[in-house]
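One structure below.
The values are calculated or read from the model by the stated rules, or taken from the named source; none is laboratory data. Keep in mind the model is a prediction, meaning the values are calculated, not measured. Here the Cβ positions follow ideal geometry from the backbone for every residue, glycine too, while neighbour counts run over all protein chains shown.
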Amino acid sequence: MNHLLDLGSRKFWRLVGKPVDLAVDHSWLRAPMSRSSAVGDGWLSAEATHHGGTVDEDAATTDPSAGPAPGLLPAMTILDGPGFDASRLDPRIRDFYEHTAAWHMEVWTGWSPLFWPAGELIARLFGRRVEQLSLPMRPLDVAYGMDSRVRVIRDRDGEQVGAAWLRTLRPSGRYVFSGCYSARRLPGAAQPSVHVAFPLESGNVQVFLRPVISDGGGLVLESPPGRFGQDGAYVVVHDGGRDFAARIPLHETFRLYCDPYGVLRTDHELRIRRTWMMRLHYKMEHAR
């Protein structure tokens, strides 16, 4: 039954999507996929092999003697462009993205009553089973907090080409998110976007987030409405020896800022078209 659900979902996205060439014309959509239905961190070694490189071992998050903690991005300056200047960011926000493993996060969640039933159904049928995008459905789901691991993916020259951010619930250890983070420039774009790929069996969900600096050195990351090839969310599947992609009307906004007490926080909203679906609030504190 589970296999039929996964196969059926790929057939659906093949039907509504368009054929893509991930090697050439649509290389901006090339991202890790999982070889099995249970995702977890099983995609990491294959992604490192694709780049001819390696995956760093788990880094200690609280021991300063272990050296600089790894981050989702090697440096925020890789996002610089006509509309973004990393030097204007609050240093704490830069540190979070450049040394993510050194930070501890607490999270609070809230669902729109309109979308909660669909979210619960997806979580039961897919999210918890495949260990991917298993969004917390109730506030008490995250009462004990969330553990976070960052593993850097390097190419044959040792350069960081991606970072796996693996987030699990305490105390169960159940995967919530298993994402690959990098900076990527879309076709014709003036500057890079933050690219996040969530591997699935023979496919993935991808989000391209436009970075903007807000007042006081804050950071806004947004996947707005737009055309195919612009910032936004996409589903990619491999089926029948071919690849297909569809742009989906899922939009996200992350607002990172420091509150009046100097605490780094994030407001995260997910929307279907213009209607909010889920809101999360993160409190981030330096663990080292």
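Can you give me the number of residues within the stretch 198-218 that are of a type in the set (Asp, Glu) and either surrounded by fewer than 19 Cβ atoms within 10 Å (Cβ to Cβ) or outside any strand (DSSP E or B) (or both)?
Number satisfying all stated conditions: 1.
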remark   = Among residues of the stretch 26-52 being hydrophobic (A, V, I, L, M, F, W, C) and crowded, with 19+ Cβ neighbours inside 10 Å, the residue farthest from Arg129 (Cα to Cα) is Trp28
ask   = Looking at (1) modelled with pLDDT of 95 or more; (2) within 22 Å of Glu269 (Cβ to Cβ); (3) β-branched (Val, Ile, Thr), which is the one condition that is false for Val236?
value = (2)
request  = Among the residues of the stretch 68-100, write down those that are closer than 17 Å to Trp165 by Cα, buried (at least 19 other Cβ atoms within 10 Å of the Cβ) and among the small types (Gly, Ala, Ser).
outcome  = Ala69, Gly71
inquiry  = The conditions are (1) among the polar types (S, T, N, Q); (2) closer than 27 Å to Asp6 by Cα; (3) touching a Leu at 6+ places or on another chain (Cβ under 7 Å), and Asn204 fails exactly one of them. Which is it?
reply    = (3)
task = May I ask you to list pairs of residues, at least six apart or on different chains, whose Cβ atoms are under 8 Å apart, with the first in the stretch 1-22 being over 15 Å from Ala246 (Cβ atoms) and the second being modelled with pLDDT under 90 and small (Gly, Ala, Ser)?
result = Asn2/Ser37; His3/Ser37; Asp6/Ser37
message = Given the options Leu125, Leu114, name the one that is modelled with pLDDT under 90 and either within 23 Å of Glu222 (Cα to Cα) or in a helix (DSSP H, G or I) (or both).
response = Leu125
inquiry  = On the basis of being of a type in the set (Lys, Arg), part of a strand (DSSP E or B) and buried (at least 19 other Cβ atoms within 10 Å of the Cβ), does Arg279 make the cut?
reply    = no
query = Of the numbered conditions (1) of a type in the set (A, V, I, L, M); (2) within 20 Å of Met146 (Cβ to Cβ); (3) in contact with a Ser or Thr (Cβ under 7 Å, 6 or more places away or on another chain), Val220 satisfies every one except a single condition; which is it?
reply = (2)
